[in-house]
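Enquirer: Quick one: this structure, given as C-alpha cells, is what I'll be asking you about.
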Amino acid sequence: MWGDPADRGQTAGIRECAPQAQDCIHRRSRHKNRVDEVERAKNRTKSTVRSKVEPVLGVLKLKFGFVKLRYRGLKKNANQLFTICGLVNLYLVRKTLLNLAPA
C-alpha cells in the first residue's frame, strides 16, 4: 500500500485486511533532532513512485469524473475504467500527438 504520512497509523488495519500487502508509507526520518539517512533515502524512493502516479490519478478524477463507482455490474464498471484509462493516456500525451500531426 502506498500512502502519505497521514496513513502512518494504519499499519494494523492494512495487515488485517491484506496480510501480504507491502507497507510503503513514509516513516519519520527525523527523531530528536537526529536525521536517519537510511530512512530518508527510503522515503525519497517512495516519493519518486508517488510523484509519477499522482498526476495520472488527478486527471482520472478531475478531468474525467471517475470519483465514484456506480455498481452497474462488474463487466460494465471494468469497461468504463478501461475506456477512461485509455482516454487519460491520450490526454497526457495530447501535446506530443498534436506536434506530430502533419500540417
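Enquirer: Among the residues of region 74-97, is there at least one that is surrounded by 12 or more Cβ atoms within 10 Å (Cβ to Cβ), aromatic (Phe, Trp, Tyr) and not in a helix (DSSP H, G or I)?
Expert: no
Enquirer: Also, I was wondering about something else. Can we say GLY58 is open to solvent by less than 60 Å² (accessible area, probe 1.4 Å) and in a helix (DSSP H, G or I)?
Expert: Answer is yes for this residue.
Enquirer: Determine, yes or no, whether GLY73 is at pLDDT 75 or above, closer than 19 Å to ASN89 by Cβ and either touching a Lys or Arg at 6+ places or on another chain (Cβ under 6 Å) or not charged (D, E, K, R) (or both).
Expert: No.
Enquirer: Let me ask you something else. Could you pull out the residue among ARG15, ARG28 that is at pLDDT below 80, in contact with a Pro (Cβ under 9 Å, 6 or more places away or on another chain) and surrounded by 10 or more Cβ atoms within 10 Å (Cβ to Cβ)?
Expert: ARG28
Matching residues to (1) free of Cβ contacts under 8 Å to residues at least 40 places away in the same chain; (2) closer than 22 Å to LEU92 by Cβ:
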| site | (1), (2) |
| --- | --- |
| GLN20 | yes, no |
| HIS26 | yes, no |
| ARG30 | yes, no |
| GLU39 | yes, no |
| VAL49 | no, yes |
| VAL67 | yes, yes |
| LEU81 | yes, yes |
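Enquirer: In region 46-70, which residue that is among the β-branched types (Val, Ile, Thr) and modelled with pLDDT of 85 or more is nearest to HIS26 (Cα to Cα)?
Expert: THR48
The values are calculated or read from the model by the stated rules, or taken from the named source; none is laboratory data. Keep in mind that what you see is a predicted model, and the values were worked out from it rather than measured. FYI the Cβ positions are ideal-geometry reconstructions off the backbone, even for glycines, and counts take in every protein chain you see. Each accessible area value is taken on the protein alone, full model and side chains, heavy atoms only, with ligands, DNA and RNA left out. Shrake-Rupley method; radii C 1.70, N 1.55, O 1.52, S 1.80 Å.
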